Every structure is written in C-alpha cells, then in structure tokens.
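Comments concern the structure below.
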Protein chains: 2
Amino acid sequence: MTLTSKKAPSSALQEKAGISQPESISSQSVEHIQHSRKIQPSAEALVQGILAGNITALSRAITLVESTNPMHLAKANTIINSCLPHANQSVRIGITGVPGVGKSTFIEAFGKHLTSLGKKVAVLAVDPSSTISHGSILGDKTRMEELVKDPNAFIRPSASGETLGGVARKTRETITLCEAAGFDTIIIETVGVGQSETAVHSMVDFFLLLKIAGAGDELQGIKRGIMEMADAIVINKADGDNIKKAQFAKVEFNRALHLFPAKKSGWIPTTATCSALTSEGIPEVWNTITEFLKVTQTNSYFFEKRKEQNQFWMLETINDQLKSNFFTNPEIHQLLESTKKAVQNDEISPFAAATILLEKYFK
Amino acid sequence: MTLTSKKAPSSALQEKAGISQPESISSQSVEHIQHSRKIQPSAEALVQGILAGNITALSRAITLVESTNPMHLAKANTIINSCLPHANQSVRIGITGVPGVGKSTFIEAFGKHLTSLGKKVAVLAVDPSSTISHGSILGDKTRMEELVKDPNAFIRPSASGETLGGVARKTRETITLCEAAGFDTIIIETVGVGQSETAVHSMVDFFLLLKIAGAGDELQGIKRGIMEMADAIVINKADGDNIKKAQFAKVEFNRALHLFPAKKSGWIPTTATCSALTSEGIPEVWNTITEFLKVTQTNSYFFEKRKEQNQFWMLETINDQLKSNFFTNPEIHQLLESTKKAVQNDEISPFAAATILLEKYFK
C-alpha cells in the first residue's frame with residue numbers, strides 16, 4: 001500500500017472484513033431524539049412548570065394559546081383552567097400612547113424600577129396590526145435591552161391574529177399564565193389606534209396614557225375617547241429644554257380631566273411629567289398606582305371590575321362567534337354586498353335589510 | 001182602546017199586524033260601520049297620505065312602526081320602503097343633556113325659531129326608560145305648549161320598548177316617515193344617561209350637548225364620552241345673574257374641546273351660551289348648524305356619514321337579533337347563570353365558558 005493510494009484511509013474503528021460495520025451514529029439514538037422532540041410536555045407537566053415559575057414552561061403554554069391548531073387550543077384551555085386558581089394576584093397596567101411618545105423606553109425605565117422593588121414584571125402587547133406590518137411594537141426588544149436581561153422580567157411580543165378579538169383573547173389568557181407563574185405586575189402595551197386600547201382597557205386595572213408636550217400631540221393622533229379612559233396621563237420626555245413645556249401640558253390636561261364626569265372607581269385621574277431617559281418621575285408613577293390600588297381595593301371597585309371584565313370577555317367572545325358564524329355563512333356572504341349597497345343608497349331600510357338576511361340565516 | 005192601556009204605545013212606524021217589523025237601526029249599517037272601523041287604510045293609502053303631508057296618515061304609520069304585531073310590522077316595512085326615496089331631505093339634530101338643563105324649553109324656543117324661518121320641524125325622542133317610569137321626556141307636552149300648536153311642528157313622544165335597540169329602530173324609522181311627510185328639520189331629544197345618546201349620535205347629522213353653568217354639572221350627571229361626541233356645547237339659562245357664570249363655563253369648555261383630537265368631519269366643535277327663556281342666543285345655534293352643514297356637505301362627510309349610519313343600523317340590527325336568538329335559547333338560558341358565576345369566580349376562563357355555551361348552541 002502506497003501513500004498515493006486512492007483507497008479510503010483506514011480508521012482505527014475499521015473492523016475486520018466479514019464483520020458488519022456498525023454505523024457511527026446509532027439510528028436508535030436518532031429515533032429517540034426525533035421522538036422526544038415531537039412529544040410536547042403534557043398539560044399537567046406544563047401547569048407544574050408554570051406554577052414553579054419555569055419560564056420555558058410558561059413560553060410553551062403561551063405558544064399553545066397562540067396556536068390555531070384546535071388540539072393545541074384544547075390543551076391550552078386545560079392549562080388555563082388549572083392556572084386560574086393561582087392567577088389574579090397581580091396588578092394589571094395598560095399603557096397606551098401614539099408612536100413617538102417613548103412607550104418602550106418608558107416601559108424599560110418603569111420595569112427596571114419595579115424589579116428593583118422586588119416585583120416580577122411581565123410585559124405583553126396588544127397590537128393586531130403587527131400581523132400586517134410584520135413589526136410588533138414589542139418586536140424591537142433592543143429598546144428594552146436591560147429589562148430583557150432582567151431575570152425578574154418576562155417580555156412577550158404581541159400575539160398575531162387576524163382580528164382584534166383573537167389577539168385580545170390570546171393576550172388575556174397569557175395574563176392568566178403569567179400570573180400563575182408568579183408575575184405580580186403585568187404591563188400591557190398598545191398603540192393608540194383603532195379599537196385596541198378599548199380592548200386593553202377592558203383587561204387591565206389601571207390605564208395609563210403616555211403623552212409628550214407640544215408637537216401637536218394634544219390635537220391629533222390619539223383616538224377619541226382615550227383621554228376619558230385614562231386613570232393617569234403622564235407626559236414623557238420632560239427633560240432638557242422640554243421641562244417647561246411638559247409642565248405646562250400637565251396643567252392643561254389636569255384642567256381638562258376635571259371637566260370630565262367622576263369615575264365609578266372613585267379615583268380622580270392624575271397628571272404627571274416624567275423622563276424615561278433620566279428616570280425622573282418614574283418612581284412617582286408607581287406611587288400613583290399603589291395609591292390607586294389602595295383606593296379601589298378599599299371601596300371594592302377593584303374586585304368588582306375584575307368580575308365584570310371576566311363576564312364582559314365571555315359575552316364578547318360569544319358575540320364575536322355568533323357574528324363570525326353569520327357572516328361566514330355562504331348564503332349570507334353571497335347576499336351581503338348587494339344588500340349593503342341597497343341600504344347605503346336608501347333603496348331599502350336598514351331594518352328591512354337585516355330582516356331579510358336574518359330570515360335567510362335562521363330558516 | 002183606552003189611554004190607560006198597558007199596551008206599548010203605538011208608533012207612526014208601526015205597521016199593520018201580520019207584516020214583520022223592521023228594526024229601528026239597520027243591522028246592515030251597524031255591520032258596515034263596525035267593519036270600516038276595523039279596516040286600517042292600506043299601506044298605499046298611508047304612503048299617499050304621508051307624501052301629501054297628512055299628519056293623520058303619518059301618525060297612523062308611526063303607530064304601525066311602534067306595534068309589536070308582526071302583521072303591522074310587515075305593513076310598516078312596506079310603507080317605509082316606499083317612503084325611503086322621498087326621505088333624506090333634512091337635517092337631523094340630536095340634543096342631549098341631563099335633566100334640569102332645560103331641554104324642553106330649549107326645544108320650544110329653538111323649534112319656534114325654526115318654524116319662523118319657514119322650516120317644518122319634527123321633534124322625536126329616544127328614551128327607553130319611559131317604558132319603566134311611564135314618564136316620557138316628551139310626554140309633558142305642556143313645556144312645549146306653543147310648539148305643539150304650531151302647524152309646522154310635529155311632536156311625538158318616545159316610542160316604548162323594552163330594549164334601547166327596539167326604541168332606536170322605531171325612532172329611526174319614524175325619522176324616515178317624517179322626512180317623507182315633508183319635515184326638513186328633525187330634532188331628536190335624549191337624556192344623558194345609559195347608552196341612548198350613543199344610539200342617537202348614530203342617527204343624527206349634528207349632535208348638540210346642552211349644559212348649564214355651575215351646579216356641579218361639569219363634574220357629574222352626564223355620561224363619559226358624551227363631550228367628545230358633541231358638535232356644539234350650548235350653555236343654557238344664560239340669563240339674569242347667570243350670564244357671567246355661563247360665559248365662564250363657555251370658555252372652560254372651549255378650552256377642553258381643543259384638547260380633543262380633531263373630528264373626521266373637519267368640523268371644529270363650538271361652544272355658546274343661550275337663554276331658552278329670553279331666546280337670546282337661539283338664532284345663533286341655528287347659524288352654527290347651517291355653518292356645519294356647509295362644511296360637511298362641501299367635504300362630502302355629511303353624505304358619507306349617512307351611508308355609514310345606514311350600514312351601522314343594518315349590522316346593529318343583525319347583531320341584536322343574533323344575540324337575542326342565542327340568549328333566549330332555552331338550553332343556553334338554563335346554563336347561563338351558573339356559567340356566569342363560574343366565570344366571575346375564576347373557576348373557568350371566560351373563553352372556555354364561551355366555548356362551552358357556543359358548542360351547545362350550534363350542535
């Protein structure tokens with residue numbers, strides 16, 4: 001045998017001819033690995049993991065909640081119902097504001113303050129537009145680079161889904177899972193467009209509207225009705241040359257808030273300034289929320305509202321499904337466009353048109 | 001034959017014995033009258049009457065719209081569809097305000113001003129509570145004693161009905177009938193409680209919020225969100241010692257309105273003071289509305305909004321009926337209370353509960 005031989009180099013593992021060669025990777029091991037990768041942990045295992053505060057179990061359960069596979073959803077329902085008795089020990093804070101007010105940097109500063117107080121913080125988002133734009137508001141985690149690394153913080157971008165109802169359901173069930181996993185402060189971020197703030201308002205205890213001074217922000221951008229939902233208006237970016245303008249805006253908003261009717265909660269909405277950049281005013285935002293909790297837990301509004309919210313979401317889900325079943329009915333679908341046009345052009349009254357469609361559906 | 005005879009007195013109509021006596025009242029005539037009282041004018045006759053501006057025909061058609069008898073409703077639908085091509089030539093004005101702001105006296109003064117300009121004014125009301133309290137806001141017509149007598153004004157109290165949806169449908173169809181009868185200015189009054197202003201807002205072109213200065217009215221009574229719906233806030237009772245206070249309130253509200261986001265209509269909401277008592281400021285309210293019409297008819301918002309409203313009411317009616325069909329289903333009805341309780345007490349998630357009920361309904 002010469003060194004220039006084309007034969008494959010012999011190996012130390014080479015056995016004598018006549019004896020069958022074992023493969024270098026055991027096919028049994030491969031099968032075992034492939035099999036175990038396919039097996040998902042059982043619902044019970046995930047519940048145990050969640051209750052032990054295991055983040056991997058929590059993430060896996062959230063993935064089931066977000067799935068469109070009916071088997072996954074059935075499993076998710078089992079998990080959620082098992083988690084429910086361990087949930088609810090939290091404060092749920094909604095944060096909204098138009099793009100540019102600095103929601104992400106605010107949540108970074110606010111979240112860090114909370115974890116420094118020993119809180120466990122989960123940050124979720126409701127952003128149905130993320131499906132279309134492929135850019136979730138929480139997708140860019142780089143804006144929360146310190147909070148992302150914090151072991152006491154859990155950040156999960158907006159669930160995707162075609163409808164706000166779908167995204168809202170997923171987020172609301174994710175809240176339950178996070179609470180069962182020991183997160184005591186849930187922050188839900190949303191952008192001030194469309195109906196998403198109304199949905200977020202219906203799943204939180206405290207609703208915070210983030211604003212900036214000047215820039216015409218008072219006059220446009222934020223949806224009508226949001227200001228009346230707010231338990232606090234916080235004017236961000238109150239730093240540098242901006243401080244005076246921010247303080248003036250605070251006075252203006254405070255005056256406006258007093259023109260609104262009193263809230264059922266007994267809470268009088270507050271206004272404040274802060275700088276997410278310097279953390280000035282950030283601890284005060286949390287103090288306001290603890291004050292709010294004191295007031296609303298003493299007068300029981302806090303607990304009543306959560307019960308109401310539960311019922312609201314049950315009825316809302318029923319309503320969504322009834323409508324979806326109606327409008328996806330092939331016969332209705334076929335008739336709908338021409339009927340809509342006839343109604344718009346005053347050829348038929350809206351009620352007569354509804355009657356025709358309903359009779360077709362129920363017959 | 002003596003005068004003391006007990007026999008019945010003879011009559012000039014008395015015929016000779018042996019001939020059968022006709023009855024003094026023709027039974028045929030009685031039948032004819034009874035029959036004609038039962039016959040309602042045909043749908044065609046009512047439509048003709050309405051288009052000729054006949055108030056009796058209009059009132060009869062509205063009574064059909066308000067009926068719960070399915071045959072009446074079918075007839076009402078025929079009439080409304082025939083009236084539709086002749087409707088829509090009007091301005092529809094919603095007026096809301098808490099009890100005590102003087103809605104009735106305002107409408108009396110405002111309505112008289114409109115008829116003096118040659119307008120034909122119909123005043124309707126949406127007040128679902130009237131069924132329970134048996135006291136419609138427009139029931140007390142004595143507060144509009146001059147307008148009631150005005151041949152160019154038509155006042156109709158709130159339709160009764162158990163649900164806001166029902167009352168809203170009846171009022172909206174009544175608008176069509178009034179317009180077809182030649183009324184060019186439709187005023188719809190509602191009290192600032194519950195959801196009725198939202199319903200009224202969805203059937204008018206212009207929404208006016210009536211207020212009074214002081215009396216804590218800024219802080220309570222009116223429902224949240226109403227201020228943002230208003231196209232104008234008018235502070236009533238700006239007379240005598242009240243003038244200064246009213247003017248101050250006007251400035252305050254004006255400042256607050258400017259903090260709201262811009263309206264899709266392109267209209268900037270206005271504030272004004274008036275006195276329904278002295279008629280001071282009443283013509284200016286109408287001037288504001290004509291200005292509003294100029295702006296929104298030029299930019300087409302006026303027409304687009306009406307089309308949207310038509311579609312809204314079609315979808316709203318469908319939605320109402322789908323829900324009603326679901327919740328009156330005996331099986332659902334039986335399950336609902338226990339399910340609600342389980343959801344409120346966090347024994348089951350709102351979504352899992354909805355799924356159970358929906359599966360029962362659709363199976």
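What the table shows:
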{"quantity": "Near pairs, Cβ below 6 angstrom, 6+ apart or cross-chain, from the range A:38-50 (within 19 Å of residue A:175 (Cα to Cα)) to any residue that is in a helix (DSSP H, G or I) and of a type in the set (S, T, N, Q)", "calculated": "A:43/A:78; A:47/A:82"}
{"quantity": "Whichever residue in the range A:227-255 is crowded, with 17+ Cβ neighbours inside 10 Å and more than 24 Å from residue A:189 (Cα to Cα) and, among such residues, is nearest to the other protein chains (Cβ to nearest Cβ)", "calculated": "A:252"}
{"quantity": "Yes/no for residue B:310 being without any contact (Cβ under 8 Å) to a residue 12 or more places away in the chain, buried (at least 18 other Cβ atoms within 10 Å of the Cβ), closer than 30 Å to residue B:270 by Cα and under 26 Å from the mean Cα position of the chain (by Cα)", "calculated": "yes"}
{"quantity": "Helices (runs of 4 or more DSSP H) wholly inside the range A:112-186 containing at least 1 residues that are modelled with pLDDT of 80 or more and either among the hydroxyl-bearing types (Ser, Thr, Tyr) or under 10 Å from the mean Cα position of the chain (by Cα) (or both)", "calculated": "A:164-180"}
{"quantity": "The listed residue being in contact (Cβ under 8 Å) with a residue 60 or more places away in the chain, touching a Lys or Arg at 6+ places or on another chain (Cβ under 6 Å) and more than 11 Å from every other protein chain (Cβ to nearest Cβ), out of B:191, B:204, B:200", "calculated": "B:204"}
{"quantity": "Only one of A:90, A:104, A:116 that is without any contact (Cβ under 8 Å) to a residue 12 or more places away in the chain and closer than 17 Å to residue A:186 by Cα", "calculated": "A:116"}
{"quantity": "Filter result (of a type in the set (D, E, K, R) and part of a loop (DSSP other than H, G, I, E, B)) within the range B:279-298", "calculated": "B:280"}
{"quantity": "Answer residue from the range A:255-269, given it is out of contact with any Ser or Thr (no Cβ under 8 Å at 6 or more places or on another chain) and part of a loop (DSSP other than H, G, I, E, B) and is farthest from residue A:243 (Cα to Cα) among those", "calculated": "A:264"}
{"quantity": "Members of the range B:288-318 found to be closer than 30 Å to residue A:326 by Cα and either away from chain A (no Cβ under 14 Å) or β-branched (Val, Ile, Thr) (or both), listed by number", "calculated": "B:317, B:318"}
{"quantity": "Conditions (1) surrounded by 10 or more Cβ atoms within 10 Å (Cβ to Cβ); (2) under 40 Å from the mean Cα position of the chain (by Cα); (3) modelled with pLDDT under 65; number of the one not met by residue A:36", "calculated": "(1)"}
{"quantity": "Any hit, the range A:202-215, residues being modelled with pLDDT under 80, out of contact with any strand residue (DSSP E or B) (no Cβ under 9 Å at 6 or more places or on another chain) and not hydroxyl-bearing (Ser, Thr, Tyr)", "calculated": "yes"}
{"quantity": "Test result for residue B:262, more than 13 Å from chain A (Cβ to nearest Cβ) and at pLDDT below 95", "calculated": "no"}
{"quantity": "Residues (under 19 Å from residue B:325 (Cα atoms), among the hydrophobic types (A, V, I, L, M, F, W, C) and within 9 Å of another protein chain (Cβ to nearest Cβ)) located in the range A:333-356", "calculated": "A:351, A:352, A:353, A:354"}
{"quantity": "Conditions (1) within 9 Å of chain B (Cβ to nearest Cβ); (2) at pLDDT 95 or above: number failed by residue A:323", "calculated": "(2)"}
{"quantity": "Test: residue B:273 is within 14 Å of chain A (Cβ to nearest Cβ) and either closer than 28 Å to residue B:237 by Cβ or touching a residue at least 60 places away in the same chain (Cβ under 8 Å) (or both)", "calculated": "no"}
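Residue-wise test of (1) within 30 Å of residue A:87 (Cβ to Cβ); (2) assigned to a helix (DSSP H, G or I).
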| residue | (1), (2) |
| --- | --- |
| B:271 | no, no |
| B:315 | no, yes |
| B:322 | no, yes |
| B:336 | yes, yes |
| B:340 | yes, yes |
| B:347 | yes, no |
| B:357 | yes, yes |
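The values are calculated or read from the model by the stated rules, or taken from the named source; none is laboratory data. Note that the structure is a prediction, hence the values are computed from the model and not measured. In this analysis, Cβ positions are derived from the backbone assuming ideal geometry, glycine residues included, and neighbour counts consider all displayed protein chains.
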